[in-house]
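The values are calculated or read from the model by the stated rules, or taken from the named source; none is laboratory data. Everything numeric in this text was worked out from a predicted model, so none of it was measured. When we count neighbours, we look across all protein chains shown, and the Cβ atoms used for this are built from the backbone with ideal geometry, even at glycine.
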Amino acid sequence: MKVGVPKEIKTHEYRVGLTPGAVREYVSAGHKVTVETNAGSGIGSTDDDYRKAGATIGQSAREVFASSEMIVKVKEPQPSEWVQLRENQILFTYLHLAPDPEQAKGLLKSGCTAVAYETVTDAQGGLPLLAPMSEVAGRLAIEAAGTALKRYAGGRGLLIGGVPGVQPARIVIVGGGVVGTHAARMAVGLGAEITIIDRSINRLRELDELFQGRVRTRFSTIESVEEEVFSADVVIGAVLVPGASAPKLVSRKMLSSMRKGSVIVDVAIDQGGCFETSHATTHADPTYEVDGVIHYCVANMPGAVPLTSSHALNNATLPFGLSLANKGFAAILEDPHLRAGLNVYRGRLTYKAVAESLGLPFSPIDQAAA
């Protein structure tokens, strides 16, 4: 198969869809890979590195899109990209369609087959292609919070770990999944006071065992969320409903009772955010203030550490990408985990949660492919 890797164009997005090592795997499997010139510059990989791995270098994104049967990216296609997609072409990338009706319309119009990293599953019921970036984002969330808490950034002027004799920051993490767990790991290491809120008693038990009492756990109710948020210095939004828009767990009204200069980090912003006052920001302008509360809502947080992120992502996506390259659409029909990743197929939405979030018709894959 002819596989294309365009350079990412989202603001301050430095990751790359395929590393030179991953390209080598595709080429060894008999596939032709075209990489846009300088696509790997963000991770320190040159065009020569890609040539040595067996890739052809394309001089423009248009050349890459036009010559490829499958496009492998990191972030969702931007307007200038989705218009270049076409029928019978496979797109393999993060999509996050639920809060993005314009992208959804663009993909539907293109007629392409779009497989979303964030909804591909594994035998354990997990999301293996979302997990590595959730790990990165969870850890970065604490770094972002530490920066935003500084007085010059509008925060309370508080050091996350405090010092002897001075209370550390109170960090509340809403959601005990991969993001929440890794945020807690970082916060524990810094010496913060941490509470994780989740709706799964079993998960709370696991977290209690994992952190050996170093982290408080609370079952998620309206009351518990309010109590914890009102007393927090930092609130990390780490809620995920696969494929669907994130639930709004903190309302605008609640902000008025939060501490002035406290910080919200909404890691769920890719799926619309779990705070009512959230809107997507970029690494170029990451924060804004509402009612005295600093909001950090960067929609591609792992893009800030592209070397780590690209290799972690490629480790996870490589087996699935090779399967798609080897078998084409048949791989989706044969593999229930890849099938779970199929969001768009020839002008139809094939992921129920996405269709419901967008208010558009849902076509199960057996009907869409009929």
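Quick rundown of the values:
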{"item": "Number of the condition not met by Asp233 [criteria: (1) surrounded by 15 or more Cβ atoms within 10 Å (Cβ to Cβ); (2) in contact with an Asp or Glu (Cβ under 8 Å, 6 or more places away or on another chain)]", "result": "(2)"}
{"item": "Gly191 being of a type outside the set (Val, Ile, Thr) and over 24 Å from the mean Cα position of the chain (by Cα)", "result": "yes"}
{"item": "Selected residue [crowded, with 23+ Cβ neighbours inside 10 Å, in contact with a Pro (Cβ under 7 Å, 6 or more places away or on another chain) and within 24 Å of Gly347 (Cβ to Cβ)] from Thr113, Thr119", "result": "Thr119"}
{"item": "Residue that is small (Gly, Ala, Ser), in contact with a Cys (Cβ under 9 Å, 6 or more places away or on another chain) and either assigned by TED's automatic domain parsing to the domain that holds Val241 or over 23 Å from Val115 (Cα atoms) (or both), where the choices are Ala304, Ala284, Ala268", "result": "Ala268"}
{"item": "Helices (runs of 4 or more DSSP H) fully within the range 174-289 counting 3 or more residues that are within 16 Å of Ile142 (Cβ to Cβ) and of a type outside the set (Ser, Thr, Tyr)", "result": "178-190"}
{"item": "The listed residue being surrounded by fewer than 17 Cβ atoms within 10 Å (Cβ to Cβ), farther than 28 Å from Tyr345 by Cβ and either among the polar types (S, T, N, Q) or not assigned by TED's automatic domain parsing to the domain that holds Leu338 (or both), out of Asn88, Asn38", "result": "Asn38"}
{"item": "Tyr288 vs. criteria at pLDDT 95 or above and closer than 27 Å to Gly191 by Cβ", "result": "no"}
{"item": "Residue, farthest from Ala268 (Cα to Cα), within the range 143-168, restricted to residues that are in a helix (DSSP H, G or I) and of a type in the set (D, E, K, R)", "result": "Arg151"}
{"item": "Residue in the range 291-300 that is of a type in the set (A, V, I, L, M), in a strand (DSSP E or B), more than 18 Å from His12 (Cα to Cα) and free of Cβ contacts under 8 Å to residues at least 40 places away in the same chain present", "result": "yes"}
{"item": "Out of Leu140, Leu108, sole residue that is in a helix (DSSP H, G or I), aliphatic (A, V, I, L, M) and either at pLDDT below 95 or in the same structural domain as Val234 (by TED's automatic domain parsing) (or both)", "result": "Leu140"}
{"item": "Residue, surrounded by the fewest Cβ atoms within 10 Å (Cβ to Cβ), within the range 280-303, restricted to residues that are of a type outside the set (S, T, N, Q) and more than 16 Å from Ala153 (Cβ to Cβ)", "result": "Asp291"}
{"item": "Matching option when the condition is under 18 Å from Gly273 (Cα atoms), surrounded by fewer than 18 Cβ atoms within 10 Å (Cβ to Cβ), of a type in the set (Val, Ile, Thr) and not assigned by TED's automatic domain parsing to the domain that holds Glu118, among Val172, Val241", "result": "Val241"}
{"item": "Pair list, Cβ < 6 Å and 6+ apart or interchain, from the range 217-236 residues that are of a type in the set (Ser, Thr, Tyr) to residues that are outside any helix (DSSP H, G or I)", "result": "Thr217/Ile196; Ser220/Ile197; Ser220/Asp198; Ser220/Arg199; Ser224/Arg218"}
